[in-house]
Amino acid sequence: MTSQSQKRTKFGSKFGVVAAAAGSAVGLGNIWKFPYEAGQNGGAAFLLVYICCVFLLGIPVMVSEFAIGRRAHANVSGAFRKLTGNNRWIGVGVLGALTAFLILSFYFVVAGWSLEYVAQAVSNNFVGKTPTDLSVAFTDFTSDTYRPLFWTAIFVLLTALVLLAGVEKGIERYSKLLMPFLAVILILLSIRSVTMPNGIEGLTFLFKPDFSKITPQVILSALGQAFFSLSLGMGCMITYGSYMRKSNNLVQTAVQVTIIDTLVAILAGVAIFPAVFSLGINPAQGPELVFVTLPGVFTHMPGGYIFAILFFMLLAIAAITSTISLQEVIVAYISEEFHLSRKKVIAVSSLLLMVGGVLASLSLGPHSNLVINGKPLFELLDFVTSKLFLPFGGFLIALFVGWFYKAEYMRDEISNGGKLNTSFFPVYRFLIRYFVPLAILLIFCNELGLLPF
Ligand code: TRP
């Protein structure tokens, strides 16, 4: 099928649109990455900067991405060509597809870990283990050569199957079904964690900011995490926007998705930090934080066996609604721009992503040639995408919408052709034209030490 714009599929119901976009946003970024980033960057201080980034930068960029996508009805690169009538901006799209590839190369690996932990939970492996035992077990597993790759392959395959089912039947249906399930389990886990001895200390860590902890690195990490968590800066929401209907309210959808995503991240923090302090785990431990802390919680709760299985299943579910959105960016781009069948593109991209996953996973083991400048490839992929490519992509999108694309067209798109109230438009316009690009630029300069204060 060559997807001409009139043949492109669309999301169905209004709830389906929110569920698909929220499904993309809510993922390992919220449950795995947010807690360990917060743990490494001063807890509440990080959360505060993060929330500012989410609302002041995230919402305007998300609205812009939806609007670009829906107006153009095209993949990330085609969208820029259609809106401008020339090829000058398509680089943003190509960068987006490349970013998707780099993110997926480590994201599939972590998603695979969640499947291993489902298996471990089923075989009741956490019982009787101290946090130190759990940490050793985690490192043993992730630095193993074959076991993580087996699960990565399964995850790549599952994602390909959903993508083959197509946008409405695949992406939307799975998101609608699985998203609400996720919230319930997180709430139950939070309740158990908070009621553990010393749990309050974890809440203090997460919610009582120590302003002296706000450093340039903390700000850059929070910015990168905001873009990562909201799926922004590489055209994921442009691609999803292109499947939205003329009647969908873009601003309302963006606000809803942002609130859901932020609540899930905070909830994950509430589920994790009280337990971290109760069990005496170091909050700055890094990527293993969730995989060590939560098994510790499960062994301290009635029904822990079941909860452990449910939780890691949930993590995998949250991950798959995100991997499909990431890979859809690549698939829509290649299949539409180069007139190839979706099926072929899904097959080939899955194979290449598996290669990326193999390299990322092996870099955590004893394969020192995959360690660059002391950073395993796995970490480097995460660093380059979250802290450089996504904010830079967001910067370019803001420049495009704020300075190169006609404001009237944007207003027309956001108001559904004048049907919706757009009294907030001047605020949005100010943010996307001045605030977003300047803030990103300043954060970059600040990190590089180029600012005098
Ligand atoms: N937001 C997802 C998460 O938090 C990951 C993700 C999906 C993503 N699509 C994206 C990250 C696009 C950056 C860009 O897990």
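The values are calculated or read from the model by the stated rules, or taken from the named source; none is laboratory data. All values derive from a computational prediction rather than experimental measurement. Neighbour counts run over all protein chains shown; Cβ positions are idealised from the backbone, glycine included.
Of the residues Ser105, Ser123, which is farther than 28 Å from Leu263 by Cα, small (Gly, Ala, Ser) and at pLDDT 95 or above?
The conditions single out Ser123.
Take the residues in the stretch 410-453 that are among the charged types (D, E, K, R) and in contact (Cβ under 8 Å) with a residue 24 or more places away in the chain, then tell me which one is surrounded by the most Cβ atoms within 10 Å (Cβ to Cβ).
Glu413
Given the condition outside any helix (DSSP H, G or I) and within 16 Å of the ligand (Cβ to nearest atom), answer yes or no: does some residue in the stretch 234-241 qualify?
Yes, the stretch 234-241 has at least one match.
Return yes when Val110 is modelled with pLDDT of 95 or more, within 15 Å of the ligand (Cβ to nearest atom), in a helix (DSSP H, G or I) and in contact with a Lys or Arg (Cβ under 9 Å, 6 or more places away or on another chain) and no when it is not.
Yes: the conditions hold for Val110.
Please give the number of the condition Gln252 fails out of (1) part of a loop (DSSP other than H, G, I, E, B); (2) within 30 Å of Phe424 (Cβ to Cβ); (3) polar (S, T, N, Q).
(1)
Between a residue in the stretch 318-339 that is farther than 16 Å from Val257 by Cβ and any residue that is outside any helix (DSSP H, G or I), which pairs come within a Cβ distance under 6 Å, given they are 6 or more apart or on different chains?
Pairs found: Ala319/Gly27; Val329/Gly235; Ala332/Asn75; Tyr333/Asn75; Glu336/Ser3; Glu336/Asn75; His339/Thr2.
Every residue, every condition in (1) farther than 24 Å from Met237 by Cβ; (2) without any contact (Cβ under 8 Å) to a residue 24 or more places away in the chain; (3) charged (D, E, K, R), yes or no:
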| site | (1), (2), (3) |
| --- | --- |
| Lys33 | no, no, yes |
| Tyr36 | yes, no, no |
| Gly42 | yes, no, no |
| Leu48 | yes, no, no |
| Ile51 | no, no, no |
| Glu65 | no, no, yes |
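Give Ile103, Ile90 a once-over and let me know the one that is within 24 Å of Ile440 (Cβ to Cβ) and free of Cβ contacts under 8 Å to residues at least 60 places away in the same chain.
Ile90
Would the stretch 167-190 turn up any residue that is among the small types (Gly, Ala, Ser) and farther than 21 Å from Leu314 by Cα?
Taking every residue of the stretch 167-190 in turn, none turns out to be among the small types (Gly, Ala, Ser) and farther than 21 Å from Leu314 by Cα.
Any residue at all in the stretch 57-80 that's surrounded by fewer than 20 Cβ atoms within 10 Å (Cβ to Cβ) and over 17 Å from Glu413 (Cα atoms)?
No, there is no match, as no residue in the stretch 57-80 is surrounded by fewer than 20 Cβ atoms within 10 Å (Cβ to Cβ) and over 17 Å from Glu413 (Cα atoms).
Out of Val358, Val292, Val345, Val297, report the one residue that is more than 16 Å from the ligand (Cβ to nearest atom) and without any contact (Cβ under 8 Å) to a residue 60 or more places away in the chain.
Checking each option against the conditions leaves just Val345.
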